[in-house]
Every structure is written in C-alpha cells, then in structure tokens.
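Note sheet for the following structure.
Read-outs: derived from the displayed coordinates by stated rules, not from any lab. As the structure is a computational prediction, the values presented were derived from the model and not from experiment.
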Amino acid sequence: MSTRGQRHPDVVITGLGMVTPAGADTATSWKATCAGLPTAAPDARLSGIAVDFSCAVTAFDAGLVLGTEARRMDAFTQYAVAAAREAVADAAPGDGDWDPTRVGVLIGTGVGGLPTWLEQSGRMLDTPPRPVNPLTVPKAIGNMAAATVALDLGLNGPALSLATACATGTTALGFALDLLRAGRCDVVLAGGTDAAISPLVSNAFDRLKALSRRRDAPQSASRPFDRDRDGFVLAEGAAVLVLELAEAARARGRRPYAKLLGYGESSDAHHLTSPDPDGKGAQLAIRGALADAGLSPSDVTLVNAHATGTPQGDAVEARLIERLFGSHAAVTSAKGVTGHMLGAAGAVEAAFTALSIDNGVIPPTANFAERGADMPGIDIVHGAARHTPVPVAVSNSFGFGGHNAVVVLGSA
C-alpha cells in the first residue's frame, strides 16, 4: 500500500553499482559520462542490417566476474548480479548490520532474456531441430534478474520484478521507496537491467523510426536535445542502488550519496509509442514526485532528462521542463554517452543524479551542439561538466505505453 503524502522516515542511497557501455563499474561509467565520451560504435551483432551500431557493454567479462555461474544466466541477469554485488560492497554493511529477511530486491527489465529466447529458437529452426537448453525458461524469464540477485546475495525479503518499458528503472526506485516507508523492508536493492541488442530489436525500433540512422558517424548519433537529432541509439546494461532508512545508515556510520525524497508516476493514456504532445502525463508525474517530496519546482536545481534523442520526445520534454522549471534548473541527459539502455536507463540516470548531488558535478549532454527551432531556451549543460552544488534534482523516465516515472533526489 502506498504511503505517499504521509509523514515518513528519510530514505537514503548508500550504495551504487552499474554495468554500462561507458564502463563495467560505477567509477568508470561516471568518469566517462562526466567527460562526455560517447560510446556508440559499429556492433558486429548487427552487421548487415539497416542500423548496425549500438552502445554496447564491451568492458564486462561475465566469466571473470561471475565464474561458472555466468553460464546459467542470460546477459540481463549477469549485468544485474554484477551491479548488485558492486552496490552492496559500496554500501559496506558489516556483519549483522542487515537482517537478510528484511532486505528486498526490486529489479525490473524492459525486455528480459531475449538473447536466450533467440538462441534457443534458432536451435529449433535447425534441420533437424536440436533440443533446447533445459535452462531456457529460468534463464530468459523477466523475473530472473531479481530472483538471481536475491539467490546470489542470500537475501530473503521480497524479490520483485516489474516492467514499465523505458521507465522501469525509475519505477523500481519508487516502489522500493514505498516498501521502506511502509516498514516492509529495512533495505532494498532497486534498479533495472536490459541486454536486448540484436538484429530483431534494432530492426523493430528502426521500423518505428525511433533509431538514429547516422551510420557514417555513429559516435555522434545519440544527440539529446540537439537540432540534428534523428533518433536514439540502442544500448544495454544495468544499475542497482541500495536504499535504506537514513537512521540505520547513520547508526552504522555510512555517509549517503543522496536522499530519495519523492516519487511520482502517471500514464499518458494517449498512444502506444508517442508521448502526449502537451506532456500532460509527464507533468503529472513530475508534480506528483515534487508533492511527495514536499517541494516545489523552484527548489529544483537539476533535471536529469529522459531525452533519448528522438525529435518528438525531446521537444515535448524540453517544453515541459521550460513550463515547470523555466531556465533556473540545469538540464542534462546521459544518453549522449550511454545511448538508451531501455529498462536500465532510469536506474543508471538516477545513480548519476545521486553522484551529481554528492560531487557537485553535472555531466554534459554529449553531442549537443545547437538547439533547433523546436527547442526552448532551457539551460542544457553541454561542452564540459559543470561544477556547482546540486541540492535538489529531478530524474525523469518515460516509456512506451505512456508510462511516466520521476524521482526527486536531494543532498543528504
């Protein structure tokens, strides 16, 4: 049951873990994002199709990180387990600090174990057909990232998965916040993961005219808010955040990255893939998150935008940001570096937002060079990272189907 709008204990972020195209851990991913280094490049998995480049995870060795157990996991689960291990190590609980029966896992995915489904369906199409792997179902079904993280770390609290398309990672944080406020958990590992780069998915998004076709210069293809943006770049990865009650973190001497102050969600109820042109649903989610945090738009100093690089989506979000925040809030999008990580995007971007608050650094929007006529005068951070205090930030995520999820983070 939701406890939003009621008085509740403070919830803080004490651990971060990620596997992204920018790096196989948090520190490397953050450094590359602050440097504005795009990761899009030709992808051998996509050779011969119309859009043959992606933002791929290249620095992650599943066998090295996970050992022989990696063979029992689809890539989306491998990324989640690696990110969860890093996040817990970063949160640094001592022996007895956490009761495993009170630690929850809430890790969603937009697509799930597609590589496994594709590989095993290929076996059945051979002549003669080959038997499928007996682990096909437990490798591929979408709940296995959360389930395997709980199994790997020996956690006995609720282990849940959800899917709200590209809003999934942020939705997970919101529901984790509810679990903590309701007293059902003391700690929650929350995030998102996806590993959907494949000819099928690339072709499918391209048929929707959602992908950039900048094959001659893939590194500059992901261009959030830019005049010449022509679609997003498909990406993969995971992020997991450790959320716990501030009082418990204080008691064990763990300094948080940030507070998770509020969460808002809504549905556009408008179209399967296109956002409401007036941004009404997204505005409901942002206002709901601010109300949950007990704040107003004037309190916000940073908006970590969803901004994928699509012509329509970026324009709608930019107009909404101007309407709510004017030009007083700095705006950034990580997708110029990472591409669009689908179900993982919101969790990765919330983690980056927490790091901005903790370090007083706003990463630049890579590949943004010039605003178009459809782009209002919002303060887009670009060219170089901006060093400035970030007391309150909003992180937006919007998904196919009209899912809108927004979190508000603040200094701890």
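Output the Cα-based Rg and Dmax of the chain in Å, rounding Rg to one decimal and Dmax to a whole number.
Just the Cα atoms of the chain yield Rg and Dmax of 19.8, 65 Å.
Looking at the chain only, what percent of DSSP beta bridges run antiparallel? Nearest 5 please.
Values: 40 of 61 bridges.
Approximately 65 percent, going by the DSSP bridge assignments.
Using just the helices of the chain, give the 222 nm mean residue ellipticity in deg cm²/dmol: DSSP H runs with n ≥ 4 each add -39,500 (n - 2.57), and the total is spread over all residues, rounded to 500. Could the numbers behind the result be given before it?
Numbers: 13 runs with 135 residues, N = 412.
After summing the helix terms and dividing by the residues of the chain, the value is -9500 deg cm²/dmol.
What does the convex hull of the Cα atoms of the stretch 272-403 come to per residue, in Å³, rounded to a whole number? Could you put the intermediate results ahead of the total?
Values: hull volume 13.2 nm³, N = 132.
Dividing the Cα hull volume of the stretch 272-403 by its residues yields 100 Å³.
I want to verify a result. In a Gaussian network model of the chain, Cα cutoff 10 Å, which of these has the top mean-square fluctuation: 160, 200, 208?
Between 160, 200, 208, it is 208 that shows the largest mean-square fluctuation.
Rounded to whole Å, give me the distance from the Cα center of the stretch 130-205 to that of the stretch 92-115.
Centre-to-centre distance over Cα atoms comes out at 9 Å.
Any aspartates and glutamates with Cα under 14 Å of the residue 209 Cα? List them, leaving off those in the same chain fewer than 8 positions away.
230
Considering Cα pairs under 8 angstrom that are at least six residues apart, work out the relative contact order of the stretch 264-410 and quote it in whole percent.
36 percent
Considering the stretch 218-299, what Rg and Dmax in Å follow from its alpha-carbon atoms?
Rg, Dmax (Cα atoms, Å): 18.1, 51.
Considering only DSSP beta bridges with both partners in the stretch 11-251, what is the antiparallel share in %, to the nearest 5?
Working: 19 of 31 bridges.
For the stretch 11-251, the DSSP antiparallel bridge percentage is about 60.
Counting only Cα atoms, I'd like the Rg/Rh figure for the stretch 22-68, Kirkwood definition for Rh. If you can, show how the numbers build up before the last one.
Numbers: Rg = 13.1 Å, Rh = 12.3 Å.
Value, to two decimals: 1.07.
Could you grab the relative contact order for the chain? Cα pairs under 8 Å, six or more apart, rounded to a whole percent.
Taking the mean separation of contacting Cα pairs over the length of the chain, I get 24 percent.
Using Cα springs under 10 Å in a Gaussian network model of the chain, which residue among 74, 374, 126 shows the largest mean-square fluctuation?
Maximum among the listed residues: 126.
Among rounded, prolate and oblate, which fits the stretch 11-251 when a ≥ b ≥ c are the square roots of the eigenvalues of its C-alpha gyration tensor, a/c under 1.5 means rounded, and a/b larger than b/c means prolate? Present the calculation step by step, with values, prior to reporting the outcome.
On the way: a/c = 2.07, a/b = 1.38, b/c = 1.50.
Verdict is oblate for the stretch 11-251.
Take the Cα radius of gyration of the stretch 12-122 and divide it by 2.2 N^0.38 Å, with N its residue count; two decimals is plenty.
1.25
In Å, what is the Rg of the alpha-carbon atoms in the stretch 254-339, and how long is Dmax?
In order Rg, Dmax, the Cα atoms of the stretch 254-339 give 13.7, 44 Å.
Please find, in a Gaussian network model of the chain (springs between Cα atoms separated by less than 10 Å), the residue of 213, 184, 252 whose mean-square fluctuation is greatest.
In this elastic network of the chain, the residue with the biggest mean-square fluctuation among 213, 184, 252 is 252.
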